[in-house]
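This report refers to the structure that appears directly beneath it.
The values are calculated or read from the model by the stated rules, or taken from the named source; none is laboratory data. This one's a predicted model, so the numbers in the text were calculated from it and none came from an experiment. Heads up, the Cβs are rebuilt from the backbone with ideal geometry, glycines too, and the neighbour counts pull from every protein chain shown. Note: accessible area is taken over every heavy atom of the protein model, side chains too, but ligands, DNA and RNA are not part of it. Shrake-Rupley method; radii C 1.70, N 1.55, O 1.52, S 1.80 Å.
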Amino acid sequence: MSDARQQFIDLYTRRTPGSLRLYEQARKHLPGGVPGNAGFRPPYPLYVDRASGPFLWDVDGNQYIDSLIGGGPHILGHSPPPVMNAVADQLSRGTSTIAPSPNNLAMAEIIRKHMPHMEMIRFVHTGSEAVHMSMRVARAFTGRRKIGKFEGNFHGGYDNLLISGTSYGGPEERPVALPEGAGIPQGVLDDTVVLPFNNTDATVALIEEHASELAGVVVEAVGGTWLAGIVAEQDFLEALREVTARHGILLIFDEVITGFRVALGGSTAVTGVTPDLVALAKTIGGGLPMGAFGGRRDVMEQVVTPPRDASDKRVTIFQSGTFQTNLVSLAAGLAMLSELEKPGVYEKLNDTGDRVREGIEKIGANVGIGVQATGQGPIFGVYFADEPVRSIRDVLASDREMAGTFYLGLVAHGVYITPYHLGFTNASQSEAEVDGVLDICQTVLETIKDS
């Protein structure tokens, strides 16, 4: 163990005795002492008491600049007043119904206003469900069985999404489908064609080879959980659009992270590449649970719209759920998107993201540590490597031990982010908070360099 890592562990444990106490109690009831894997971190999880604006506070009263913002949904910061006011108003008028609400229509209209390629939309509970349903739509519409997904892309927690994420097999030009943990059936792996991210020639060749079997190809235009902030290259996305269109394969953009974050129009507005289907979540729920999927009208009408009567012989998918009309999430999401439409919001988000990425790389250069800060708009990731990091193979070849020490150092000194995860800036951050993140990055990198 490096001296720096031990210093950060010692500082963390001195600051967080309450978290350690709760962790020991929680381990009796919660696997790993956490409600989900994302909450775990060595040497033990941080237990949070409250959050507001750009900050959160742990159970010991320590304040942190929150660079995780709940994994992405709080683009305006925690508990922005316009969103909280909308939630409070809705709570007095009900929380959820299976019956449709006018706000379902209002949300669909505002999404389509900014993403006109989402001609028809359905609402779900999570981003995982949105991607999963998009895959189901692609299979139903094309009559084909297999889905193409990229090494390192994270699409959620379902069996057919947890493939070749933090590991890889086979040569880059012909990846092997690997389960991302236990419990993934072999049949799911057999129905997946794994593709190499940002490798245009190999991707096109594999899609050509499997074209008759592929219902859809799903991609993150900016890598999320496993490719923290690594951006899909423009020529790669353009080639992906061309080859899928030529073979009648539905191109699915997973915009759970990028939707309404990199721009009001998401990745299509940034790249000019238009997919057939899109999966959304996080931002559109205003900080509460909600996802959506949709796209081309002919696709959605054919396999999602329920049969009208006995004479309608279409075979459609099943898609429904208890919280498909979550009135509170809809109210929060509408308030959130209304705020994002105001002038200057994205200019600020992009500026803070640029400042963090440029600042981290400048600090690394001054300290003498090779650091790459990836990302787009308010998204950033940090890698320790001399060569450009473009794929999960590059990520795993980078200095992961140093990265783990760096992330531990951040939280020990007051910047909250989970290990190896992408980070976010948000609209509630002032210059002081951006400077605070960079000051702590400098302290951490100097400690690592001196150890």
Could you tell me which residue of the stretch 247-272 is least open to solvent (accessible area, probe 1.4 Å), considering only residues that are in a loop (DSSP other than H, G, I, E, B) and without any contact (Cβ under 8 Å) to a residue 40 or more places away in the chain?
-> 255
Collect the residues in the stretch 430-439 that are surrounded by fewer than 21 Cβ atoms within 10 Å (Cβ to Cβ), touching a residue at least 60 places away in the same chain (Cβ under 8 Å) and of a type in the set (A, V, I, L, M, F, W, C), keeping them in residue-number order.
-> 434, 438
Hey, can you tell me all the residues within the stretch 80-104 that are open to solvent by 80 Å² or more (accessible area, probe 1.4 Å) and part of a loop (DSSP other than H, G, I, E, B)?
-> 92, 93, 98, 100
Qualifying residue in the stretch 315-331 (condition: out of contact with any helix residue (DSSP H, G or I) (no Cβ under 9 Å at 6 or more places or on another chain) and not polar (S, T, N, Q)) = no
How many residues of the stretch 105-128 are part of a helix (DSSP H, G or I) and open to solvent by 20 Å² or more (accessible area, probe 1.4 Å)? The answer is 9
Looking only at the stretch 411-429, which residues are open to solvent by 10 Å² or more (accessible area, probe 1.4 Å) and either at pLDDT 95 or above or assigned to a helix (DSSP H, G or I) (or both)?
-> 413, 416, 427, 428
Wholly enclosed helices (runs of 4 or more DSSP H) of the stretch 283-376 bearing at least 2 residues over 23 Å from the mean Cα position of the chain (by Cα), exposed (fewer than 14 other Cβ atoms within 10 Å of the Cβ) and modelled with pLDDT of 95 or more | 297-303, 345-367
Which pairs have Cβ atoms under 6 Å, sit 6 or more apart or on different chains, and link a residue in the stretch 202-221 that is on the phi < 0 side of the Ramachandran plot to one that is of a type in the set (Asp, Glu)?
-> 202/173; 218/254; 220/254
